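Report on one structure; see the data block that follows.
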Amino acid sequence: SMKLSQKQINQIDNYLIKLKVKYVDVRLELIDHLASDFEASNKDQQLEDYLKSKIDFIQDFEKKRQKTIHWSYQREMWRRLAMFFYKPNYMPFTIMLGFLVYWMQKLQPNKTSIIVLVVSLSTIHFWALIAGYSYRKTFKRLQMAQPLYSIMALPSLFLYSMGAAKPWLENQYFFITFWFFAVLFNIAGAIELRNKKNKILEYSKNII
């Protein structure tokens with residue numbers, strides 16, 4: 001099979017940019033796929049014509065990849081949250097947090113405990129924002145990094161839902177459960193964010 005020249009590789013890349021495939025990592029995967037497919041199927045066909053015949057495939061590939069990435073992140077998040085309940089190195093923290101939340105509720109009047117709740121969630125929220133912002137330049141160009149923004153939005157999700165949950169937050173059992181899960185969920189998100197961020201930075205070093 002014939003090997004594609006650098007010029008032809010660039011031609012594929014430019015064609016993908018023209019089709020508005022904006023993420024670098026998606027383009028790399030597509031170039032890889034299209035180049036080997038073109039090499040294998042080449043019957044004196046012009047690269048330009050071959051690419052035109054692949055428009056549907058390219059757009060399909062992009063959509064499917066976005067979905068796959070989104071769901072793999074969701075799965076990882078839930079898996080990470082579950083670890084707090086069965087992994088020996090996570091369990092002490094879960095138990096400690098449980099006691100802390102229970103003790104807070106028993107000891108403090110409601111107003112103080114709600115302030116502590118807001119502060120604890122806001123702290124994680126700001127950490128996520130700062131962590132995300134410092135790598136925005138790199139991440140903007142990678143589709144695999146896009147779901148990180150929804151992980152970073154997790155703490156604010158709990159903060160905003162507090163308004164709606166206010167009547168129930170006055171019930172001490174609901175309050176304990178809400179805070180306990182909000183903190184665990186956000187810490188799971190923070191761990192996930194850190195791991196993914198390191199993986200993505202490793203990846204982007206090689207390609208950007």
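In this structure, is K140 open to solvent by 80 Å² or more (accessible area, probe 1.4 Å) and at negative phi? Reasoning before the result, please.
Values: open to solvent by 80 Å² or more (accessible area, probe 1.4 Å): yes; at negative phi: yes.
Yes, satisfied.
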For the stretch 112-151 the number of residues that are closer than 30 Å to Y23 by Cβ and either part of a helix (DSSP H, G or I) or modelled with pLDDT of 75 or more (or both) is 26
Only one of (1) surrounded by fewer than 20 Cβ atoms within 10 Å (Cβ to Cβ); (2) within 22 Å of T94 (Cα to Cα) does not apply to W179, and that is (1)
Of K3, K22, K67, the only residue that is within 27 Å of F139 (Cα to Cα) and not in a helix (DSSP H, G or I) is K22
### Query
Condition test on L34, is it touching a helix residue (DSSP H, G or I) at 6+ places or on another chain (Cβ under 6 Å), in contact (Cβ under 8 Å) with a residue 40 or more places away in the chain and under 30 Å from S204 (Cα atoms)?
no
Filter the stretch 21-76 for residues that are open to solvent by 30 Å² or more (accessible area, probe 1.4 Å) and β-branched (V, I, T); the one that is nearest to A188 (Cα to Cα) is T68
| Residues in the stretch 102-123: is at least one within 15 Å of the chain's Cα centre (by Cα), at negative phi and either open to solvent by 20 Å² or more (accessible area, probe 1.4 Å) or touching a residue at least 24 places away in the same chain (Cβ under 8 Å) (or both)? | no
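The values are calculated or read from the model by the stated rules, or taken from the named source; none is laboratory data. None of these values were measured; they are calculated from a predicted model. So basically every Cβ, Gly included, is an ideal-geometry build from the backbone, and we count neighbours across all protein chains shown. Note: accessible area is taken over every heavy atom of the protein model, side chains too, but ligands, DNA and RNA are not part of it. Shrake-Rupley method; radii C 1.70, N 1.55, O 1.52, S 1.80 Å.
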